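Down below is the structure, laid out as structure tokens.
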Amino acid sequence: MILALDTSAAVSVAVLDGDTVRASRSEHQPRGHAELLTGLIESAMAEAGCARGDVERIVVGTGPAPFTGLRVGLVTARTLGFAWGVPVHGTCSLDAIGAAFADEPNVTAVSDARRKELYWATYASGVRVDGPAVAYPGDVPVAGLVVGPGAALYPEALPGGRVADVDPAWLARVVAARLAAGESDLPTEPLYLRRPDVHGVPGA
């Protein structure tokens, strides 16, 4: 079985048997990611009838996202992978949205970057073609349908957006497809993408 999790926006967990979702959990909380995630993992695994020894792989979303929440998911995935002796694979969290909307010819996936900015990536039939990056809403290079956790935050700049969460089951499917295609480098390094607050110091 596969344990997939993401903390880039909501705190979300899925347990898959192959391509079939056996259990999933998701909570929207601006704080308390660490406390929530452990309980959601235990609950989802119990519903799926999945013991630790049944987990063959862990998949985790690598963001982009603010530091604190994203770090919780990545550290938890790495810790469980080490403790259970299973591989841990990461991929951009927005890839789950691009894959879920693969029937759309073009999709721009967006999530809240705070500071009046958005994280974004564009997809063509589910394949990422640009990004991830961070920009002000009016500077996002929109292609096709705008969708994601941040799709309704700035309707004046991005009208007609469709709100959708990052589904960790789709993260697992993205990773499975990339592994089947022969990719082996699926790191769990975080994608923060945050511009520095100070862009330069005169005379430096």
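The values are calculated or read from the model by the stated rules, or taken from the named source; none is laboratory data. Note that this is a predicted model, so its numbers are computed, not measured. Here the Cβ is made from the backbone with ideal geometry for all residues, glycine too, and neighbour counts use every protein chain on show.
Does the stretch 178-194 hold any residues that are over 27 Å from VAL134 (Cα atoms) and in contact with a Leu (Cβ under 8 Å, 6 or more places away or on another chain), and which are they?
Matches in the stretch 178-194: LEU179 only.
Give me the strands (runs of 3 or more DSSP E) completely within the stretch 77-186, filtered to those with at least 2 residues that are among the charged types (D, E, K, R) and either out of contact with any Pro (no Cβ under 7 Å at 6 or more places or on another chain) or at pLDDT 95 or above (or both), ordered by residue number.
Details: elements: 88-91, 106-114, 117-124, 127-135, 145-148.
Hits in the stretch 77-186: 127-135.
Okay, residues lined up against (1) within 14 Å of the chain's Cα centre (by Cα); (2) among the basic types (Lys, Arg); (3) crowded, with 17+ Cβ neighbours inside 10 Å:
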residue	(1), (2), (3)
ARG52	no, yes, no
ILE58	yes, no, yes
ALA65	yes, no, yes
LEU70	yes, no, yes
LEU80	no, no, yes
THR91	yes, no, yes
SER125	no, no, no
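Can you pull out the residues in the stretch 165-178 that are farther than 12 Å from GLY90 by Cβ and aliphatic (A, V, I, L, M)?
Residues satisfying the conditions are VAL166, ALA169, ALA176, ALA177.
Does HIS33 satisfy the criteria of being outside the structural domain of VAL134 (by TED's automatic domain parsing) and either surrounded by 21 or more Cβ atoms within 10 Å (Cβ to Cβ) or in contact with a helix residue (DSSP H, G or I) (Cβ under 6 Å, 6 or more places away or on another chain) (or both)?
Yes, satisfied.
Of these, ALA77, ALA34, which one is more than 12 Å from ALA169 (Cβ to Cβ) and in contact with a strand residue (DSSP E or B) (Cβ under 6 Å, 6 or more places away or on another chain)?
ALA77
Select from the stretch 16-28 the residues that are within 14 Å of GLY39 (Cα to Cα) and either buried (at least 24 other Cβ atoms within 10 Å of the Cβ) or among the aliphatic types (A, V, I, L, M) (or both) and list them in ascending order.
Across the stretch 16-28, the qualifying residue is only ALA23.
Does GLY53 satisfy being touching a Ser or Thr at 6+ places or on another chain (Cβ under 8 Å), modelled with pLDDT of 95 or more and not in a strand (DSSP E or B)?
no
What is the one condition in (1) closer than 22 Å to ASP19 by Cα; (2) within 19 Å of the chain's Cα centre (by Cα) that GLY150 does not satisfy?
(1)
Can you tell me which of (1) in the same structural domain as LEU37 (by TED's automatic domain parsing); (2) of a type in the set (Gly, Ala, Ser); (3) in a strand (DSSP E or B) is the one GLY69 doesn't meet?
The number of the failed condition is (3).
Test ARG128 against the stated conditions and say whether it is of a type in the set (Lys, Arg), within 18 Å of LEU191 (Cβ to Cβ) and in contact with a helix residue (DSSP H, G or I) (Cβ under 7 Å, 6 or more places away or on another chain). I'd like the intermediate steps shown before the answer.
Values: of a type in the set (Lys, Arg): yes; within 18 Å of LEU191 (Cβ to Cβ): yes; in contact with a helix residue (DSSP H, G or I) (Cβ under 7 Å, 6 or more places away or on another chain): yes.
Yes.
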